[in-house]
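Report on the following structure.
The values are calculated or read from the model by the stated rules, or taken from the named source; none is laboratory data. The model shown is predicted, which means the values in this text are computed figures rather than measured ones. Here the Cβ positions follow ideal geometry from the backbone for every residue, glycine too, while neighbour counts run over all protein chains shown. Surface accessibility is based on the protein's heavy atoms, side chains included, excluding ligands, DNA and RNA. Shrake-Rupley method; radii C 1.70, N 1.55, O 1.52, S 1.80 Å.
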Amino acid sequence: MNEKILVLDDEKEIADLLEVYLKNDNYIVYKYYNGIEALECIQKTEIDLAILDVMLPDIDGFRICQKIRENFYFPVIMLTAKIDDGDKIMGLTIGADDYITKPFNPLEVIARVKTQLRRYQKYNNPTKKQLFPKSEYDIRGLIINKDTHKCFLFGKEISLTPIEFSILWYLCEHQGKVISTEELFENVWKEKYLDNNNTVMAHIGRLREKLNEPAKKPKFIKTVWGIGYEIE
């Protein structure tokens, strides 16, 4: 499996250089020059390791590392031009796994990436990325809470059946990923999916009605023709 590496550095030359070396080792690279876009990627993509610059124009790398550690286990390597031990201690204290000062040898970075991934895969369950499973999602005004089993749309509670709730929760839990009809059926109904089964489509239709979704341009549950459904 090709691991997914997030690279965040506002110095384009450095980010581009790391991308080249990582791709040469067959890693999948998600490259960003600002913290906001990087955080959005982390929430939507199952990242295996992040390389974060400390000094950024919008959100500093320490804050991003803290946000990652609120929900995720994956290794974090910090990059900085500073050689102050205080910064290094700060990074390691808030959850960074390694610390590299600039300028650096790209081959050293790759070696440290491999070391951290080996350690992570050996001592942690790589299929379980979150420290604590989320109990609530808020997607553009659609709020669904697994603990209370309630759903709200722009502050108004929506009455859902247990099956409808399970469908919506599964889609929210996999936000940004297209879920096939077969996968949705087997995970919600816990039964083997059979061809020409219109059960999922019927329930999606009722869900859309309750969410006041326009048939042609739904805001939440989108149909990916020939594949399944997605909440972006």
Taking the stretch 195-210, which residues are part of a helix (DSSP H, G or I) and either open to solvent by 60 Å² or more (accessible area, probe 1.4 Å) or in contact with a Ser or Thr (Cβ under 7 Å, 6 or more places away or on another chain) (or both)?
V200, M201, R206, E209, K210
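Test M1 against the criterion of being modelled with pLDDT under 90 and either touching a Phe, Trp or Tyr at 6+ places or on another chain (Cβ under 9 Å) or farther than 22 Å from T101 by Cα (or both), and give yes or no.
Values: modelled with pLDDT under 90: yes; either touching a Phe, Trp or Tyr at 6+ places or on another chain (Cβ under 9 Å) or farther than 22 Å from T101 by Cα (or both): yes.
Yes.
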Are any of the residues in the stretch 75-86 of a type outside the set (D, E), modelled with pLDDT under 85, in contact with a strand residue (DSSP E or B) (Cβ under 7 Å, 6 or more places away or on another chain) and crowded, with 19+ Cβ neighbours inside 10 Å?
yes
Under 7 Å between Cβ atoms, which residue pairs at least 6 apart in sequence (or on different chains) link something in the stretch 189-209 that is free of Cβ contacts under 8 Å to residues at least 24 places away in the same chain with a partner that is aliphatic (A, V, I, L, M) and open to solvent by less than 50 Å² (accessible area, probe 1.4 Å)?
R208/I221
Among residues belonging to the stretch 46-74 that are in contact with a Phe, Trp or Tyr (Cβ under 8 Å, 6 or more places away or on another chain) and modelled with pLDDT of 90 or more, point out the one that is farthest from K4 (Cα to Cα).
A50
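Would you check which residues across the stretch 211-227 are open to solvent by 50 Å² or more (accessible area, probe 1.4 Å) and either in contact (Cβ under 8 Å) with a residue 40 or more places away in the chain or not in a loop (DSSP other than H, G, I, E, B) (or both) and list them?
Filtering the stretch 211-227 for residues open to solvent by 50 Å² or more (accessible area, probe 1.4 Å) gives 212, 214-217, 219, 222, 225-227.
Selection gives N212, K219, K222, I227.
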Residue by residue through the stretch 24-71, note down the ones that are open to solvent by less than 70 Å² (accessible area, probe 1.4 Å) and either hydroxyl-bearing (S, T, Y) or without any contact (Cβ under 8 Å) to a residue 12 or more places away in the chain (or both).
Y27, Y30, Y32, T45
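Among the listed residues E183, E164, identify the single one that is touching a residue at least 24 places away in the same chain (Cβ under 8 Å) and open to solvent by less than 20 Å² (accessible area, probe 1.4 Å). Break it down into steps so the answer makes sense when it comes.
Working: E183 fails: open to solvent by less than 20 Å² (accessible area, probe 1.4 Å).
Exactly one residue qualifies, and that residue is E164.
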Scope the stretch 147-194; condition in a helix (DSSP H, G or I) and touching a helix residue (DSSP H, G or I) at 6+ places or on another chain (Cβ under 8 Å); matching residues
I163, E164, S166, I167, L168, Y170, L171, T181, L184, F185, N187, V188
